[in-house]
Amino acid sequence: MTLVVDGQPQVMRLTLGALAGLEAALAEPSLVALVERFEQGRFSSADVLALLKAGLAGGGCDVSPDALDHAEIEGGPMAAARAAAELIARAFVEPGA
C-alpha cells in the first residue's frame, strides 16, 4: 500500500521485523493483542505514527522516523489513521482471502 508523505508516494508493508519492532514500541505481548488494540479502537495518535513508521521502514522508505514526526501526510490525521488500520489489517489477511 502507498502513503503520500510530503508529496511523495511511499510504499508501506509490515515485514516480520517491522511487526516485532512495533510490538516492542507499543508494549504489546503478542501480534493478536496488537491487532485487537486497533480493532477495538484503543489506539492513540502515537500508535498510528508508530505503525506508519514500521510500515514505511518495512517498505524500504528513506524518510527518517524523526522526519515523519513533522511530515505532511496527504489527507491529514484521519487518512493516517485509516492507512494504519488498513496496513495492520493487510498484514493478517491470508493470501487469496
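Rolling a 1.4 Å probe over the protein heavy atoms of the chain, with every protein chain left in place, gives an accessible area that is 56 percent carbon and sulfur. A straight chain from GLU86 to ALA27 at 0.36 nm per residue would run longer than the Cα-Cα distance by 19.2 nm.
Sorted into 5 angstrom bins from 0, the C-alpha pair distances of the stretch 27-67 split as 5, 21, 26, 23, 14, 10, 0 percent. Once the Cα-Cα distance is subtracted from the 0.36 nm per residue extended length, the GLU74 to GLU36 segment shows a gain of 11.0 nm. Note that the stretch 50-89 carries a Kirkwood radius of 10.4 Å, evaluated over its alpha carbons pair by pair.
Our summary gives the chain a relative contact order of 41 percent, counting only alpha carbon pairs under 8 angstrom and 6 or more residues apart. Relative to the Cα centre, the charge distribution of the stretch 1-63, modelled as +1 at Lys and Arg Cβ and -1 at Asp and Glu Cβ, gives a dipole magnitude of about 40 debye.
Averaged over its residues, the chain has an accessible area of 58 Å² per residue, based on protein heavy atoms and a 1.4 Å probe.
If the segment from SER45 to SER64 were pulled out straight at 0.36 nm per residue, it would be longer than the present Cα-Cα gap by 5.0 nm. Diffusion coefficient of the chain by Stokes-Einstein, Kirkwood radius over Cα pairs, 10 °C, 1.306 mPa s: 119 µm²/s.
The values are calculated or read from the model by the stated rules, or taken from the named source; none is laboratory data. Model, not experiment: these values are computed from the prediction. All Cβ positions, glycine included, derive from the backbone under ideal geometry; neighbour counts span all protein chains shown. Note: areas computed on protein heavy atoms with side chains; ligands, DNA, RNA excluded. Shrake-Rupley method; radii C 1.70, N 1.55, O 1.52, S 1.80 Å.
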